[in-house]
Each structure stands twice: as structure tokens, then as C-alpha cells.
Amino acid sequence: MLIAALLWCHLLAACGWIGGMFFALFILRPTLAPLEPAQRLALHRDALGRFFPWVWGFVTATLISGFGLIALVYGGFAQMPLVFHLMAAGGLLMGLIYTILWLVPFATFRNAVAQSDGPRAAQALNRIRYLVLTNFVLGLLMLALGALGRFGPALG
């Protein structure tokens, strides 16, 4: 029962995180493009300001549930298949990228918008977009590893 709960938590957190990145990259950003720069930056600040606290929860839930599954299902890393080592490393890398995003470009972006420094805010937002895109691609890779990894030999 605990394993099922951890897996459910892991999947929900991954869906929220990856789905939110998809929304930010492919729905929100293009939708805001026609707006005036100041209005676009303010809306990005508000939307990301609401989403990013959720991401902290997604990161925490994904890592805790993932490492919990490693401990309960495999008894640790020694008996675990390579695919799950890759997923663990990928999850840690994604968490690190998000932490950097939060501490550097997002902080710069919020300060620049507050100071009405449009060019600096746009530059920081572009860095945020690059880091979110990087995490999105990594997230898709983690999904593929999780969904297909156990069946790799059967697919080959």
C-alpha cells in the first residue's frame, strides 16, 4: 500500500511539474506575446509567481517519493536497474536546475519588473524560459525512462 501511495504521489508531482512547464512554454508565452511589454512582463511575473511555489512542492514530492520507492522496492541503489539510476540522477539535476532558476533569473526578473526595468526583466525572462525548456526536455526523458525503461529489453 505504501509503495502504491508513493508511486501515485510520484506520478502526480511529475505530471504537475511537466504539465506546468508545457503550459508556460507553449500556451502562456505565445498567448501573452501580443501584449505591451510592461503588461506582458507583469502577467508573466504573476503567473510564474503562482506556479513556482507549486514547483517547490512538485520537486519535493517527486524526490521524496522517488527515493522512497528506491528504498522500498530495491532496498537501495545497489540492486536497482540502470534505468532508475538514470531517473534518480535526472530528477536531482532537474531539482538543481529549478533551484538555480528560482535563486538567480527569477529573483532578477521579479526585481526588474518591480523597478520597471523592462530590458533587464526581458533578459531574465529569457533565461527562465531556457531553463524551463531544459527541464521540460529532461522531464520528458524521465517520463520515457519511467514508462519504457522496465520494458527496454522487450522493446529491442
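Inside segment 66-120, residues that are under 15 Å from Gly139 (Cβ atoms) and surrounded by 13 or more Cβ atoms within 10 Å (Cβ to Cβ) make up a count of 13.
Residue count for segment 20-32, restricted to those that are within 16 Å of Ala122 (Cβ to Cβ) and either open to solvent by 60 Å² or more (accessible area, probe 1.4 Å) or of a type in the set (Asp, Glu) (or both): 2. Of the helices (runs of 4 or more DSSP H) that lie entirely inside segment 43-156, those containing 1 or more residues that are within 12 Å of the chain's Cα centre (by Cα) span 82-101, 118-148.
I'm checking my understanding of the structure. Among residues of segment 33-54 that are without any contact (Cβ under 8 Å) to a residue 40 or more places away in the chain and either of a type in the set (Gly, Ala, Ser) or crowded, with 16+ Cβ neighbours inside 10 Å (or both), which one is farthest from Thr99 (Cα to Cα)? Talk me through it step by step, then tell me what you get.
Keep residues of segment 33-54 that are without any contact (Cβ under 8 Å) to a residue 40 or more places away in the chain, which gives 33-36, 39-40, 43, 46-47, 50-51, 53-54.
Now drop any that are not either of a type in the set (Gly, Ala, Ser) or crowded, with 16+ Cβ neighbours inside 10 Å (or both), which leaves 33, 40, 47, 51.
Working: Ala33: 27, Arg40: 24, Ala47: 18, Phe51: 14 Å.
This residue is Ala33.
The values are calculated or read from the model by the stated rules, or taken from the named source; none is laboratory data. On a predicted model such as this, the values are computed, not experimentally measured, just so you know. Note that each Cβ is placed from the backbone with ideal geometry, even for glycine, and that neighbours are counted across all protein chains shown. Calculation scope for accessible area: heavy atoms of the full protein, side chains included, ligands and nucleic acids excluded. Shrake-Rupley method; radii C 1.70, N 1.55, O 1.52, S 1.80 Å.
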